[in-house]
Structures are given as structure tokens and as C-alpha cells.
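Below: the structure, in C-alpha cells.
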Amino acid sequence: MGSWTTLGPAVLSLAGVALGAAGTLVGQYLVSRANARQVEAQESAAHRAELKGVILKFLGVAFQVKKAVPAPSDADDSLEGLVEELWLAHAELDLAARTEPLRGAAYRFAARLTEASRSSAVDAAVLHRAQVEFMDAAYVDLWPGQRRDSAAL
């Protein structure tokens with residue numbers, strides 16, 4: 001009995017220290033995991049904002065080219081400048097895109113617009129399909145894993 005009264009408090013103190021150390025380690029692990037998730041979410045949001053800006057720039061130039069295509073060829077120099085600007089915006093988008101489908105759709109849309117700018121016959125349906133394909137791919141790249149509401153289209 002005498003040995004427990006002297007040894008008991010020491011064993012309980014040691015168990016308390018071990019339990020406290022384990023609690024601290026678990027707490028630090030949970031905090032580091034939460035911090036990693038927060039950093040990942042911030043990086044994802046920053047990339048999404050950058051990609052959105054690049055996509056909007058590409059679309060702005062694409063719509064300028066699309067608008068100038070059916071016009072008479074009085075402004076061939078300005079149209080050629082717009083096409084060059086379109087391919088520069090495409091290159092920027094190609095660097096920022098996460099997925100290959102977006103890169104491919106952007107390329108096909110830019111290629112169709114370039115063909116339309118150099119041809120007298122413009123197939124509006126082909127341009128529209130390329131544009132829709134691009135918009136769908138952009139949506140998937142911006143919000144991966146989320147379903148696009150087709151009723152809103």
C-alpha cells in the first residue's frame with residue numbers, strides 16, 4: 001500500500017503529460033490540415049479570378065472579330081490586327097487554362113474566327129458551335145465538378 005501512495009501520483013502525472021502531448025500533436029495536425037485547405041481554396045480562387053479575366057479578354061477580342069467578319073473588306077487591316085490580337089489572347093488563355101478541353105475549344109474557336117475573317121462565306125452555325133463549345137469548356141474549367149444549369153441557357 002505504501003508504494004502506491006508514492007508511485008501513484010508520479011504515474012498519473014506521467015499519464016497526464018503523455019495525454020497532453022498527444023492532444024497537442026492532434027491539435028497541431030488538425031490546424032495544419034485546415035491551413036492547407038485554406039491555402040488551397042485561396043489559390044483556387046485566385047486562379048479562377050485570373051482565368052476569368054483571361055477568358056473575358058479572349059471573348060472580347062473574339063466578339064470584335066466576329067462582329068467585323070461580315071462587314072465589307074474596307075477594314076482588312078483592322079480585321080487582321082484583331083485576328084492577331086485574338087491569337088495573342090488565345091496564347092494567354094492557353095497558359096492560364098487548367099484543362100485540355102478548354103485549350104482545345106479556345107483553339108478551335110479562334111481558328112474558326114480566323115477562317116471566317118479570311119473567307120467571303122461565313123458559316124454562322126459553325127462559329128456558333130465553336131463558341132458554345134468554348135463557353136461550355138470555360139465553365140467546366142472555372143467550376144470543376146459543378147453541373148451547368150442547362151435550363152438557364
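The values are calculated or read from the model by the stated rules, or taken from the named source; none is laboratory data. This structure is a prediction, so every number in the text was calculated from the model and none was measured. Glycine gets a Cβ as well: all are built from the backbone with ideal geometry, and neighbour counts include every protein chain shown. The protein model used for the area step is the full one, side chains on, heavy atoms only, and it has no ligands, DNA or RNA in it. Shrake-Rupley method; radii C 1.70, N 1.55, O 1.52, S 1.80 Å.
Key figures
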quantity	calculated
Where a residue in the range 109-135 is under 21 Å from residue 56 (Cα atoms) and its partner, wherever it lies, is among the polar types (S, T, N, Q) and part of a helix (DSSP H, G or I), with Cβ under 8 Å and at least six apart	109/131
Any chance residue 129 is out of contact with any Asp or Glu (no Cβ under 8 Å at 6 or more places or on another chain) and open to solvent by 90 Å² or more (accessible area, probe 1.4 Å)	yes
Flag if residue 28 is touching a helix residue (DSSP H, G or I) at 6+ places or on another chain (Cβ under 6 Å) and either surrounded by fewer than 17 Cβ atoms within 10 Å (Cβ to Cβ) or in a helix (DSSP H, G or I) (or both)	no
Subset of the range 103-129 that is modelled with pLDDT under 95, aliphatic (A, V, I, L, M) and in contact with a helix residue (DSSP H, G or I) (Cβ under 7 Å, 6 or more places away or on another chain) - its residue that is nearest to residue 82 (Cα to Cα)	113
Matching option when the condition is surrounded by 10 or more Cβ atoms within 10 Å (Cβ to Cβ), within 23 Å of residue 130 (Cα to Cα) and among the hydrophobic types (A, V, I, L, M, F, W, C), among 11, 65	65
Verdict on residue 43 being closer than 30 Å to residue 125 by Cα, within 27 Å of the chain's Cα centre (by Cα), modelled with pLDDT of 85 or more and among the acidic types (Asp, Glu)	no
Residue in the range 42-58 that is over 21 Å from residue 107 (Cβ atoms), open to solvent by 80 Å² or more (accessible area, probe 1.4 Å) and part of a helix (DSSP H, G or I) present	yes
Answer residue from the range 31-56, given it is charged (D, E, K, R) and out of contact with any helix residue (DSSP H, G or I) (no Cβ under 8 Å at 6 or more places or on another chain) and is nearest to residue 134 (Cα to Cα) among those	43
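Here is a yes/no grid of residues against (1) surrounded by fewer than 17 Cβ atoms within 10 Å (Cβ to Cβ); (2) of a type in the set (Asp, Glu):
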| site | (1), (2) |
| --- | --- |
| 77 | yes, yes |
| 83 | no, no |
| 89 | no, no |
| 97 | no, no |
| 113 | no, no |
| 117 | no, no |
| 141 | no, yes |
| 148 | yes, no |
